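Contents: one structure, followed by commentary.
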Amino acid sequence: MKNIEKHFGSVIALAGVSFDVKPGECHCLLGDNGAGKSTFIKTMSGVHKPTAGEIYFAGRPMHFEDPRDAIAAGIATVHQHLAMIPLMSVSRNFFMGNEPVRKVAGIRLLDKRYADEVTMEEMRKMGINLRGPDQAVGTLSGGERQTVAIARAVYFGAKILILDEPTSALGVRQTSNVLATIDRVRKQGVGVVFISHNVRHALAVGDRFTVLNRGKTLGTAKRGEISPEELQDLMAGGQELAELEGSLGGTV
Amino acid sequence: MKNIEKHFGSVIALAGVSFDVKPGECHCLLGDNGAGKSTFIKTMSGVHKPTAGEIYFAGRPMHFEDPRDAIAAGIATVHQHLAMIPLMSVSRNFFMGNEPVRKVAGIRLLDKRYADEVTMEEMRKMGINLRGPDQAVGTLSGGERQTVAIARAVYFGAKILILDEPTSALGVRQTSNVLATIDRVRKQGVGVVFISHNVRHALAVGDRFTVLNRGKTLGTAKRGEISPEELQDLMAGGQELAELEGSLGGTV
Amino acid sequence: EGEKYILVSHAPDSDSWWNTIKNGIALAGEQMGVEVEYRNPPTGDLADMARIIDQAAASGPNGIITTLADYDVLKEPISKAVDSGIDVIIMNTGSGEQAREVGALMYVGQPEYDAGYAAGLRAKGDGMGSFLCVNHSIQQPTLVERCQGFADGLGVELGNSMLDSGADPAEIKNRVLAYLSANPETDAILTLGPVSADPTLLALEENGMAGDIYFGTFDLGEEIVKGIKSGVIQWGIDQQPFLQAYLPVVILTNYHRYGVLPGNNINSGPGFVTADGLEKIEEFAGEYR
Amino acid sequence: MANATQSTAKSDERVKEISAIRKALIRPELGGIVGTAAVFTFFLLFAFDSGMFNSQGIMNWSVVSAQFMIIAVGACLLMIAGEFDLSVGSMIGFAGILIAIFSVSYGWPVWLAILTTFVLCVAIGALNGWIVIRTGLPSFIVTLAFLFILRGFTIFLPQVIERKTIIGGVSDAAEGDWLAPIFGGKVLQGLFTWLGDAGMIATFERGANAGKPVVDGIPMLIVWAIVLIIFGHVLLTKTKFGNWIFAAGGDAEAARNSGVPVNRVKILMFMFTAFCATVFAVCQVMEFGSAGADRGLLKEFEAIIAVVIGGALLTGGYGSVLGAALGALIFGVVQQGLFFAGVESSLFRVFLGVILLGAVILNTYIRRIITGER
Amino acid sequence: MANATQSTAKSDERVKEISAIRKALIRPELGGIVGTAAVFTFFLLFAFDSGMFNSQGIMNWSVVSAQFMIIAVGACLLMIAGEFDLSVGSMIGFAGILIAIFSVSYGWPVWLAILTTFVLCVAIGALNGWIVIRTGLPSFIVTLAFLFILRGFTIFLPQVIERKTIIGGVSDAAEGDWLAPIFGGKVLQGLFTWLGDAGMIATFERGANAGKPVVDGIPMLIVWAIVLIIFGHVLLTKTKFGNWIFAAGGDAEAARNSGVPVNRVKILMFMFTAFCATVFAVCQVMEFGSAGADRGLLKEFEAIIAVVIGGALLTGGYGSVLGAALGALIFGVVQQGLFFAGVESSLFRVFLGVILLGAVILNTYIRRIITGER
Ligand SMILES: Nc1ncnc2c1ncn2[C@@H]1O[C@H](COP(=O)(O)OP(=O)(O)OP(=O)(O)O)[C@@H](O)[C@H]1O
Ligand SMILES: Nc1ncnc2c1ncn2[C@@H]1O[C@H](COP(=O)(O)OP(=O)(O)OP(=O)(O)O)[C@@H](O)[C@H]1O
Ligand SMILES: [Mg+2]
Ligand SMILES: [Mg+2]
């Protein structure tokens, strides 16, 4: 992705950002609130169209008209504000947009049995025991929903998996679970884009780190090239943090 | 607060929780997703009525019929899902429920000038420069909104300030700001209840720590009596975490 | 030359009976060389109609032709219009007496209660004792008066005999069917215009009562004329809407041009149309009848 | 991952027991089923000997219910997709007038008039949807505007063209047409004649039809209702597209992010609603042989009421076509039943209001149990 | 905290400039102001010599607009509080019939009839609100039920009691009553007589009133409209309670958490809407001396349309009473003006629909700029 710009009316959310992901690596995108992380990945996943700039996928320039195009190209996204519909059942949510079909008398019907089985199976793999595939997503906890969303993206064989702050609302165990899942997915050769505020979470799984600030990239670093403190500083904008850090004992 | 129980239909969200806060201390409430933290503080702030158990405030038993009662008693709450109304102006939001009035010809009118001045002043103190007091809250970033909510609670002289995961969606700098604010508020003699998943944030400001799990308290510890790792373990439910920690390098 | 008249009715937009009125004023306007406009309250709300009369008066026409659907509501706006120098003729609903009281020049039309009463007497003469009155617009007081008059003419209580049928043909048809099925001993049916008569005809055909039950209706329309011809409908009360619209325009124009005015009110109805002499009626039903 | 599995198992300790029977009963249609049972019990008790349940009586309320069903199916799918359409009633009037103008005033063959009307009306439905999507306005406002616009044209056009607000003579024009019977005809007439001859259903005793069965066939209106219900039900529950309808209504943004073509779904549902309204209009015009400017008044509310009685959520994302069909049945039976039972007819509206309230409260309760909504 | 201040200052670099004039212009009422200007320009150009702008003509559209304003104020506050009321029209009919029954059929003094009606209707408003709050149902459904229930009683009661659907004779009953003139009287009659004598406005040419001015005073209807607008505007923008109304409509949950008594606010707004509808009904009954079952049909939509044209958000939390009043003015002027301009009356609905759409799109644009909504 090169020099992506995105303006919303009078707001310039992205002022030229370049970024790339390779298969099997986890590239972390870090940045403060409003840095433009969500906007950037929305552009990548076809929700927004870039005001300027180009997207390359496997070397070819892509033009995503809507999220379907991106999904078809193999870019799966778990959005910050979950892509789950509370009133619908887990299995319908799981297959939303990718419904399995089965021909009956020439008519293409939804293969509900198959969908239910796969859902139960995949959920069990992720450690979630559903009451049944018809259980509404609205009855799941936040962490469980997050897990469903990730499981779905992985199941549909995404080549690139984008996770927008998957851990921010999660407890310790759920976070570990999600990070472990990312690790597993990466090992399967999928490129993962992981977005977070939390430097520690990022360092736990990231191979490369890009920091975004006010709609611009501040640079990319490889794992091991950068210390948590440096990363923290980059995100927060540097020196001014010192005084606060002092009074809070450097624990942030 | 003693032995608070709260049931929602067939769900038992709280199964007997006891908890207390003293003026000038910051008591952290920790716990996994769905542990019942939000439910607990909603009970404390009068949103829910406890199914069983009693609330004491300054030694006297209280019966909060609705949040107004709790606010009147000096318990201010910043809820996890923000108590801000996007379409309304910052100053109207700031004074929502506590509107200043001024008598004109015997009729009690809203003192808008005063409200605007106070809002601008308080926001400036918190480091937010508004375009004007009439700016809609919807145009603020998440962190800014959070700050408005805290500023509001502090301004109205709460004796107890409850913050439900104020930092979970915030960036590093915003988080520092919020933690510094908590610190400041505590020093003014206000009792703070701080809810978080993040052990580090809790340790940075907390004086005492209570861990909630599946609707029950797992015990309370003083600052210094407990190490971050112990706290982490308590929250996550102990031993099973070890294996994950291993593969992720203990960075969570 | 080029006088301007406004006709204000009380009917909602969709009432098809008023087509004849519109055709009547159009023809009269053309023949007399005057301009005639038609105005009505869109939902048939009489209070809105009062505003329309006010408004018509404000636009300064030479004359206003209006119905007197509710004396209480309309008396003030009409007499105000009269007082501000506009000549008014009352048409359709109302009575000669009421027309005089509001200061109108005259009345052309059919007093509704009287028409219903006359029909009731006629039905009584034909040996009827019980009836169903299909009211397609129960909110309109004039239609209730027709039913009430019919009941009084028959000498029975109105009571449950008036059916609030709604204006939708399917609803009318099926409600009539339901009523007749629950009250099979009903002697006679009275419908209040083509809106209710057409579906009622279909209903009777469907339950086999066509030609068997005594059927009278107000006003004429294509289907009603066919029904009269085939003997399903005994009579239709023709209040001659064409004349109600045409005559006032002609009278007003002549009054304004030459100062001539008929000395009496004109009762354009009720006239009973039966199977005799239907050809002309058949040809122009719904357009000039 | 053993720990996670275990944790979920443990979490069940915090859920009180819900009996298995109760679980089995709870489905979106439950409210409709209970309501239907209640309504039939009531009328069987209080109006049994009024003729409501002889062959003619049954046909009577079936036809009325079928009418409601036709518009309810469209309104139901649209409501589940998160929008609604207040212009249904005006669309019915408009479609009827168009057919009459084309076939009577312009003298086109009736099949051409019908097909052209379908094309035009479905296009207006698409326009409705397009405006809602493009402007992001609530469909309440957009379709309210079309309620007025279409009704205005429905009154204006016939006056300009025919100098009438009611256009008759469609029956004569439809004589011998191949398409007209599909909307206005009857089926199974042979069966009913046989039943009549066999004495299984009553025959006319007097008049022109003496000897013929009182019910001489199933009107196409009922056939259309059944076809549309089956189509709607299969579409909603058994196809990919049905999943998209739920998704679009449940949370349009989330659905869009998951690759559901939400705009397309919504516009198609507006078109389908317009299609159903047009079916209604064509059946009515073919049955009564005339089109009037007042046709379809308030039908939009009746459709919404039937759908809501049938358990759908006004805000979208939840509902069932079978429920809506049952809602339409309840509506039709109550409406006609009150006339059979001889209740003062102006009280019908009061009953309707009360039943609506009762049904919605019941449905809300059922839905909360199903979805675990708070 | 220096860093934070600096950061916000810096963040402005990412906001393109918006001109100061543009900012000053953008207020919730802007749509209404622009619309009003457009409408008046149009009619001044095309209907100036039709009598629309002589004293009688002005009074005509003023009265019609005042009617809309009275119900629009109630609907506006309720809509801002996040609910709406479809039973307004039926409430108008119901209130009128109650007064007529009490005063004419039962012979009560008129003031008692009026006061009792106010109490009953406001209580029904409260019931509406209470059901909405208690069941959590959308107000669309609940008030739709009441639309039918109240209209049913409005048709049923007078038939049972008086065997008519219209009850007259209220004027005679109101003779000498102390309360009736407050709804049905006129003010400033002296001024108009003076104006008439001075030749500034036209006088009647003949009849009993010859020599008196054609417009002999300001009807109390207009006074009520002005009073209600001022009351509503002050309540909404200048009081504590007004802030609660915005809060209740913007996000009821958040407002509740902040200690706003949301339930009380909503129920009070339902009661206020019922109050406005009753004011409308009483003025109408006192002016015309009779009450009919047809009064108030579709007025609920007219109220909602006026409010929405005036810039309020259908989903609550945003709007202005002045805007709603301008919306009502636009509505009234267009409705009467089209007659003056000699436009075919059936096209009125088409215009109404188009104006509604146009106004809402304009308002949405303005609102997005104001609130920075996405
Ligand atoms: N649809 C939109 N219209 C206008 N402005 C927008 C829109 N979406 C985002 N923005 C603005 O663009 C900027 C970047 O927002 P974005 O959501 O990408 O930040 P982020 O890095 O994801 O922040 P967070 O960490 O809080 O999720 C912000 O200033 C935001 O207000
Ligand atoms: N209104 C409600 N109705 C039914 N169940 C509820 C309700 N509110 C909360 N719960 C349930 O109560 C339990 C505790 O929820 P709560 O929101 O208090 O957890 P939490 O500790 O705040 O979690 P998180 O860290 O995700 O915010 C959960 O299982 C939740 O599903
Ligand atoms: Mg983001
Ligand atoms: Mg919580």
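Taking strands (runs of 3 or more DSSP E) that do not extend beyond the stretch B:22-75, which have at least 2 residues that are crowded, with 20+ Cβ neighbours inside 10 Å, within 9 Å of ligand 2 (Cβ to nearest atom) and within 16 Å of the chain's Cα centre (by Cα)?
Working: elements: B:26-31, B:52-57, B:60-62.
Filter on the stretch B:22-75 gives B:26-31.
So if I check each of C:E101, C:E112, which one is buried (at least 22 other Cβ atoms within 10 Å of the Cβ) and not basic (K, R)? Don't jump to the end; show me each part of the working.
Details: C:E101 fails: buried (at least 22 other Cβ atoms within 10 Å of the Cβ).
One residue alone meets the criteria, C:E112.
Got a number for residues in the stretch B:146-167 being in contact (Cβ under 8 Å) with a residue 60 or more places away in the chain and within 16 Å of ligand 1 (Cβ to nearest atom)?
Count: 5.
Hey, any hits in the stretch C:30-48 for a residue that's more than 29 Å from D:I149 (Cβ to Cβ), of a type in the set (S, T, N, Q) and open to solvent by less than 20 Å² (accessible area, probe 1.4 Å)? Break it down into steps so the answer makes sense when it comes.
If we filter the stretch C:30-48 for residues that are more than 29 Å from D:I149 (Cβ to Cβ), which is where we start, we get C:30-34.
Remaining after also requiring of a type in the set (S, T, N, Q): C:31.
Now drop any that are not open to solvent by less than 20 Å² (accessible area, probe 1.4 Å), which leaves none.
Within the stretch C:30-48, not a single residue is more than 29 Å from D:I149 (Cβ to Cβ), of a type in the set (S, T, N, Q) and open to solvent by less than 20 Å² (accessible area, probe 1.4 Å).
Does the stretch B:147-158 contain any residue that is facing another protein chain (nearest Cβ under 7 Å) and either of a type in the set (F, W, Y) or closer than 25 Å to A:D32 by Cα (or both)?
no
With respect to C:G120, determine if the residue is over 24 Å from E:L338 (Cα atoms), of a type outside the set (S, T, N, Q) and away from chain E (no Cβ under 14 Å).
Judged against the criteria, C:G120 is a match.
Kindly evaluate C:L143 against the criterion of being more than 14 Å from chain E (Cβ to nearest Cβ) and surrounded by 22 or more Cβ atoms within 10 Å (Cβ to Cβ).
On the way: more than 14 Å from chain E (Cβ to nearest Cβ): no; surrounded by 22 or more Cβ atoms within 10 Å (Cβ to Cβ): yes.
In short, no.
Could you please let me know if B:G74 is away from ligand 1 (no atom under 16 Å from the Cβ) and out of contact with any Asp or Glu (no Cβ under 9 Å at 6 or more places or on another chain)? Quick ask: steps written out before the conclusion?
Details: away from ligand 1 (no atom under 16 Å from the Cβ): yes; out of contact with any Asp or Glu (no Cβ under 9 Å at 6 or more places or on another chain): yes.
When the stated conditions are applied, B:G74 passes them.
May I ask you to say which residue of D:I166, D:I155, D:I161 is under 20 Å from C:G221 (Cα atoms) and in contact with a Leu (Cβ under 9 Å, 6 or more places away or on another chain)?
Details: D:I166 fails: in contact with a Leu (Cβ under 9 Å, 6 or more places away or on another chain); D:I161 fails: in contact with a Leu (Cβ under 9 Å, 6 or more places away or on another chain).
After applying the criteria, what remains is D:I155.
Quick grid of which residues meet (1) in contact with a Leu (Cβ under 8 Å, 6 or more places away or on another chain); (2) charged (D, E, K, R); (3) open to solvent by 10 Å² or more (accessible area, probe 1.4 Å); (4) away from ligand 2 (no atom under 15 Å from the Cβ):
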residue	(1), (2), (3), (4)
A:D116	no, yes, yes, yes
A:M123	yes, no, no, yes
A:P133	no, no, yes, yes
A:G138	yes, no, yes, no
A:K159	no, yes, yes, yes
A:L179	yes, no, no, yes
A:D183	yes, yes, yes, yes
A:A202	yes, no, no, yes
A:R208	no, yes, yes, yes
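In the stretch C:240-268, which residues are crowded, with 23+ Cβ neighbours inside 10 Å and assigned to a loop (DSSP other than H, G, I, E, B)?
Within the stretch C:240-268, just C:Q240 meets the criteria.
So how many residues does the stretch D:40-79 have that are open to solvent by 20 Å² or more (accessible area, probe 1.4 Å) and in a helix (DSSP H, G or I)?
We begin by selecting, within the stretch D:40-79, every residue open to solvent by 20 Å² or more (accessible area, probe 1.4 Å); these are D:40-42, D:44-46, D:48-49, D:53-56, D:58-59, D:61-62, D:69.
From the residues that got through so far, the ones that are in a helix (DSSP H, G or I) too are D:40-42, D:44-46, D:48-49, D:55-56, D:58-59, D:61-62, D:69.
Looking only at that region, the number is 15.
Against the definition (away from ligand 1 (no atom under 16 Å from the Cβ) and open to solvent by 40 Å² or more (accessible area, probe 1.4 Å)), how does B:G191 come out, yes or no?
Working: away from ligand 1 (no atom under 16 Å from the Cβ): yes; open to solvent by 40 Å² or more (accessible area, probe 1.4 Å): no.
The answer is no for B:G191.
How many of the residues in the stretch D:106-129 are crowded, with 17+ Cβ neighbours inside 10 Å and assigned to a helix (DSSP H, G or I)?
Of the residues in the stretch D:106-129, 11 are crowded, with 17+ Cβ neighbours inside 10 Å and assigned to a helix (DSSP H, G or I).
Please state which of the following conditions D:K23 fails to meet, knowing it meets all the rest: (1) touching a Ser or Thr at 6+ places or on another chain (Cβ under 8 Å); (2) within 14 Å of chain A (Cβ to nearest Cβ); (3) at pLDDT below 90.
Result: D:K23 fails condition (1) only.
Name every residue in the stretch C:165-178 that is surrounded by fewer than 24 Cβ atoms within 10 Å (Cβ to Cβ) and outside any loop (DSSP other than H, G, I, E, B), in order of residue number.
Keep residues of the stretch C:165-178 that are surrounded by fewer than 24 Cβ atoms within 10 Å (Cβ to Cβ), which gives C:166-167, C:170-171.
Within the stretch C:165-178, C:A170, C:E171 qualify.
Report yes if E:N263 is more than 14 Å from chain C (Cβ to nearest Cβ) and either touching a His at 6+ places or on another chain (Cβ under 8 Å) or without any contact (Cβ under 8 Å) to a residue 60 or more places away in the chain (or both), otherwise no. It would help to see each step written out before you state the result.
Values: more than 14 Å from chain C (Cβ to nearest Cβ): yes; either touching a His at 6+ places or on another chain (Cβ under 8 Å) or without any contact (Cβ under 8 Å) to a residue 60 or more places away in the chain (or both): no.
Answer is no for this residue.
If you go through the stretch E:213-230 one residue at a time, do you hit one that is at positive phi, outside any helix (DSSP H, G or I) and open to solvent by less than 30 Å² (accessible area, probe 1.4 Å)?
Of the stretch E:213-230, the ones at positive phi are E:217.
Filter again for outside any helix (DSSP H, G or I), leaving E:217.
From the residues that got through so far, the ones that are open to solvent by less than 30 Å² (accessible area, probe 1.4 Å) too are E:217.
Among the residues of the stretch E:213-230, at least one is at positive phi, outside any helix (DSSP H, G or I) and open to solvent by less than 30 Å² (accessible area, probe 1.4 Å), which makes the answer yes.
Pull up the stretch A:74-105, narrow it to residues that are of a type in the set (G, A, S) and within 17 Å of A:Y155 (Cβ to Cβ), then point me to the one that is nearest to ligand 4 (Cβ to nearest atom). Spell out the reasoning first.
Going through the stretch A:74-105, the residues of a type in the set (G, A, S) turn out to be A:74, A:76, A:83, A:89, A:91, A:97, A:105.
This time we only want the ones that are within 17 Å of A:Y155 (Cβ to Cβ), so: A:74, A:76, A:83, A:89, A:91, A:97.
Numbers: A:G74: 35, A:A76: 28, A:A83: 21, A:S89: 25, A:S91: 27, A:G97: 29 Å.
It comes out as A:A83.
Checking E:T364 against (1) in contact with a Gly (Cβ under 6 Å, 6 or more places away or on another chain); (2) within 14 Å of chain B (Cβ to nearest Cβ), which single condition isn't satisfied?
Going through the list (1) in contact with a Gly (Cβ under 6 Å, 6 or more places away or on another chain); (2) within 14 Å of chain B (Cβ to nearest Cβ), E:T364 breaks only (1).
With respect to the numbered conditions (1) among the aromatic types (F, W, Y); (2) out of contact with any strand residue (DSSP E or B) (no Cβ under 6 Å at 6 or more places or on another chain); (3) within 13 Å of another protein chain (Cβ to nearest Cβ), which one is the sole condition not fulfilled by C:Y255?
Result: C:Y255 passes all but (3).
Determine whether the stretch E:184-204 contains at least one residue that is of a type in the set (F, W, Y) and within 14 Å of chain D (Cβ to nearest Cβ).
Taking every residue of the stretch E:184-204 in turn, none turns out to be of a type in the set (F, W, Y) and within 14 Å of chain D (Cβ to nearest Cβ).
State which residue pairs qualify: first residue facing chain E (nearest Cβ under 9 Å) and inside the stretch B:96-107, second residue assigned to a strand (DSSP E or B) and open to solvent by 60 Å² or more (accessible area, probe 1.4 Å) in any location, beta carbons under 9 Å apart, and separation of 6 or more residues or different chains.
Listed by first residue and then by second, the contacts come to B:V101/B:R108.
Do we have any residue at all in the stretch A:33-45 that's out of contact with any strand residue (DSSP E or B) (no Cβ under 9 Å at 6 or more places or on another chain), at pLDDT below 80 and within 16 Å of ligand 3 (Cβ to nearest atom)?
Step one: of the stretch A:33-45, the residues out of contact with any strand residue (DSSP E or B) (no Cβ under 9 Å at 6 or more places or on another chain) are A:33.
Checking the rest, the ones that are also at pLDDT below 80 come to A:33.
Then keep just the ones that are within 16 Å of ligand 3 (Cβ to nearest atom); that gives A:33.
There is at least one residue in the stretch A:33-45 that is out of contact with any strand residue (DSSP E or B) (no Cβ under 9 Å at 6 or more places or on another chain), at pLDDT below 80 and within 16 Å of ligand 3 (Cβ to nearest atom).
Scan the stretch E:170-188 and report the pairs whose first residue is assigned to a helix (DSSP H, G or I) and whose second residue is of a type in the set (F, W, Y) and open to solvent by less than 20 Å² (accessible area, probe 1.4 Å), with Cβ atoms within less than 7 Å and a gap of 6+ or a chain change.
Between residues of the stretch E:170-188 that are assigned to a helix (DSSP H, G or I) and residues that are of a type in the set (F, W, Y) and open to solvent by less than 20 Å² (accessible area, probe 1.4 Å), there is no close pair.
The values are calculated or read from the model by the stated rules, or taken from the named source; none is laboratory data. Model, not experiment: these values are computed from the prediction. Glycine also receives a Cβ, built like all others from the backbone with ideal geometry; neighbour counts cover every protein chain displayed. To get the accessible areas, we keep the full protein, side chains included, count just its heavy atoms, and leave off ligands, DNA and RNA. Shrake-Rupley method; radii C 1.70, N 1.55, O 1.52, S 1.80 Å.
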